[in-house]
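First the structure, in the form of structure tokens, and then the observations on it.
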Amino acid sequence: MTKASDISQGLRSRLEQIKPANGYHTELQRVYGPTEKPTDKAPLPLALIRPQHDAKTSAAGVQATRVRTYEIEVQFSKSADEAALSAVHVDILRALGFGQDQPERKFPGLLEEDDQAEFRFASAGETTHSITLTIGVLYVESYN
């Protein structure tokens, strides 16, 4: 496995913990990776993790420092209110250890200054609202 694959799996594992039993507001029903597609009847809310781009920031020898950007989209039923979307935004950042001063609680390489969220509310004929977070993760990949 590559370091990038490890990051994707670690991100998924963190999001799978988002449940009220673990101290969160939201109960994510399932987390889907980039090659998985939820069915039309999949229980909501659900999360979709998609790597968007990956850029080399520096290199030395057979290693490169890279930044991988992810989109995390959470879909809700159109009956959900704005507060539910705002709560999952906070839950995701908490799950990633945003603002934590204990290194073991932070997601490795999380770029705290690079997150943003975009809200989309269901319009006529649509059945879901969603929030899409964009985060960046710094990592080192070896090419030997």
Might you let me know whether segment 74-89 holds any residue that is open to solvent by less than 10 Å² (accessible area, probe 1.4 Å), of a type in the set (A, V, I, L, M, F, W, C) and in contact with a Ser or Thr (Cβ under 6 Å, 6 or more places away or on another chain)?
-> yes
Single residue of segment 120-130 satisfying the filter (out of contact with any Ser or Thr (no Cβ under 8 Å at 6 or more places or on another chain) and at pLDDT 95 or above) that is nearest to P43 (Cα to Cα) | S130
What about R66, is it within 26 Å of T2 (Cβ to Cβ) and modelled with pLDDT of 95 or more?
-> yes
Failed condition for R68, given (1) in contact (Cβ under 8 Å) with a residue 24 or more places away in the chain; (2) of a type in the set (K, R); (3) open to solvent by 90 Å² or more (accessible area, probe 1.4 Å) | (3)
Would you mention how many residues in segment 4-43 are touching a residue at least 40 places away in the same chain (Cβ under 8 Å), in a loop (DSSP other than H, G, I, E, B) and open to solvent by less than 20 Å² (accessible area, probe 1.4 Å)?
-> 3
Tell me which residues, restricted to segment 60-81, are under 19 Å from the mean Cα position of the chain (by Cα) and of a type in the set (D, E).
-> E71, E73
Of all residues making up segment 112-133, the number that are open to solvent by less than 30 Å² (accessible area, probe 1.4 Å) and either within 16 Å of the chain's Cα centre (by Cα) or closer than 18 Å to T57 by Cα (or both) = 4
Within segment 46-63, how many residues are outside any strand (DSSP E or B) and open to solvent by less than 70 Å² (accessible area, probe 1.4 Å)?
-> 0
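The values are calculated or read from the model by the stated rules, or taken from the named source; none is laboratory data. Please read these numbers as outputs of a predicted model, since none were measured by experiment. As a convention, Cβ positions derive from the backbone with ideal geometry for all residues, glycine included, and neighbour counts pool all protein chains shown. Accessible surface areas use protein heavy atoms only, side chains included; no ligands, DNA or RNA. Shrake-Rupley method; radii C 1.70, N 1.55, O 1.52, S 1.80 Å.
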